[in-house]
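Chemist: Have a look at the structure that comes next, please.
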């Protein structure tokens, strides 16, 4: 299977760099998978879980929004925050969700809608994290 | 003339000072290594961000009006100078050189009849600018309590700047910080961040640039990306500043240690001379006393 180059960078570090087979990215307007030879493409990300497949192994990384760019050199993801599934501090993540829920009360109108949407994304991630933790 | 005891005390105190500066130099050296690593780790993100913005902005520029963060407000009457300095002194000319650059820029702008406002990050810069531009400092922020500079700190500053920009409080924002070149060379730098200066891309030799698909539309993406880029630029500046600070502190403490060494040598020389002179004097007294008998 053809591979392509994939870089995952967050402001604090280069989280991943290397040749991969496939990357599934949580896009703002729907998830999409990137394979080698994808057409040039720029997409905003929503908070979600990104799956990297390389050589038969899968790696899951949680991104909290960002931007993905595909060009002839490969895929570059500029993530706001990138944490691999194993490293995630579940308690801190739950705290963050709780804090977001509290803040909802202060918001209104379209800001509220966006906050709820973001909260939902976070909850989906949490659900996923908790369900994989049980196996 | 100071007595021998006074001289001994003074030498001891110079030695104690030397020990302190030596220790500070070593602490700065180890912190410098960490700060440098952090600055290097942040580089790929900032570089790619630049590249992505350049390519999207290039596409958006053709389609008409861009967002204000990119295109500007159409005026350049009010300038905001975002001055990032250190929290501590004892670092040679590090803080002063950033402040000097900002001050020169401010005076030049005011001579042209522009209005200048300051946003100070870091205690030292605030203290120095307060003397001349007290009324023009609209905000100042200290990062003293922050142990490890995180992206959150930069985001915080960016949010404050953006809130002021959205209120129409200024038209142009320039960031002042010290670029880390080597341990002994830090270059105070001014960088315009609002409106964003996009580097013109070199002419592509191999055919036209690839046509991107955007999801959502490019101006949507750009709208989300530009505030983020602002935070990234500030983050980079803070990290460079941090590394520069420790570099400056290290070399200035190295100097201080060497100067203390010189001083100790000089003082010891005077001390020994005085001591010998006193011994000789006492001998003469004893001999002449013995001869008199």
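What follows draws every value from the coordinates through simple rules; no lab data is involved. Treat the numbers as computed from the prediction; the structure is a model and nothing was measured. Here the Cβ is made from the backbone with ideal geometry for all residues, glycine too, and neighbour counts use every protein chain on show.
Chemist: By per-residue mean of other Cβ atoms within 10 Å, what is the highest-first order of B:106-117, B:90-101? Could the numbers behind the result be given before it?
Modeler: On the way: B:106-117: 14.2, B:90-101: 19.9.
Order by mean packing, descending: B:90-101, B:106-117.
Chemist: For the range A:48-127, compute the orientation-averaged projected area of the C-alpha convex hull (one quarter of its surface), in nm². Numbers along the way, then the final one.
Modeler: Details: hull surface 26.9 nm².
So the mean shadow area of the Cα hull is 6.7 nm².
Chemist: Can you tell me the Rg and the Dmax, both Å, for the Cα atoms in the range A:4-85?
Modeler: Spelled out, the Cα radius of gyration and Dmax of the range A:4-85 are 11.1, 29 Å.
Chemist: Can you give the average number of partner chain beta-carbon atoms within 10 Å of each beta-carbon in peptide A:31-41, as a whole number?
Modeler: Taking the mean over all residues of the peptide, I get 2.
Chemist: To one decimal place, what orientation-averaged projected area in nm² is obtained for the convex hull of the Cα set of the protein assembly as shown?
Modeler: Numbers: hull surface 132.2 nm².
If you wrap the Cα atoms of the protein assembly as shown in a convex hull and average its projections, you get 33.1 nm².
Chemist: A follow-up question, please. So for chain B, what are the equivalent ellipsoid semi-axes in whole Å, largest first, each being the square root of 5 times an eigenvalue of the Cα gyration tensor?
Modeler: That gives 58, 21, 15 Å for the three semi-axes.
Chemist: Using the alpha-carbon atoms, what tilt in degrees (0 to 90, nearest 10) does helix B:94-111 show relative to the longest principal axis of chain B?
Modeler: Compared with the principal axis, the helix lies near 50 degrees.
Chemist: So for each of A:91-101, B:73-83, B:23-33 I average, over its residues, the number of other beta carbons within 10 Å; can you give me the resulting order with the highest mean first?
Modeler: Order by mean packing, descending: B:73-83, B:23-33, A:91-101.
Chemist: Count, for each residue of B:233-240, the Cβ atoms from other chains sitting within 10 Å of its Cβ, then give me the mean as a whole number. Don't jump to the answer; show the numbers that get you there.
Modeler: On the way: counts 0, 0, 2, 1, 0, 0, 2, 0.
Mean number of neighbouring Cβ atoms from other chains: 1.
Chemist: Kirkwood Rh over Cα pairs of the range B:7-107 into Stokes-Einstein at 10 °C, 1.306 mPa s: D in µm²/s? The partial results should precede the final answer.
Modeler: Working: Rh = 18.9 Å.
Translational diffusion coefficient: 84 µm²/s.
Chemist: Just to confirm the number: angle between the C-alpha axis of helix A:90-104 and the first principal axis of chain A, 0 to 90 degrees, nearest 10?
Modeler: 50 degrees
Chemist: Per 5 Å bin, what percent of the C-alpha pairs of the range A:89-133 does each bin hold, from zero upward?
Modeler: With a bin width of 5 Å, the distribution comes to 5, 22, 29, 21, 13, 7, 3, 0.
Chemist: Would you mind giving the mean number of other chain beta-carbons within 10 Å of the Cβ of each residue in A:6-17, as a whole number?
Modeler: 5
Chemist: Ordered by packing density, taken as the mean number of other Cβ atoms within 10 Å over each peptide's residues, highest first, how do A:121-129, B:232-240, B:250-258 rank?
Modeler: Going by the mean number of other Cβ atoms within 10 Å, highest first, we get B:232-240, B:250-258, A:121-129.
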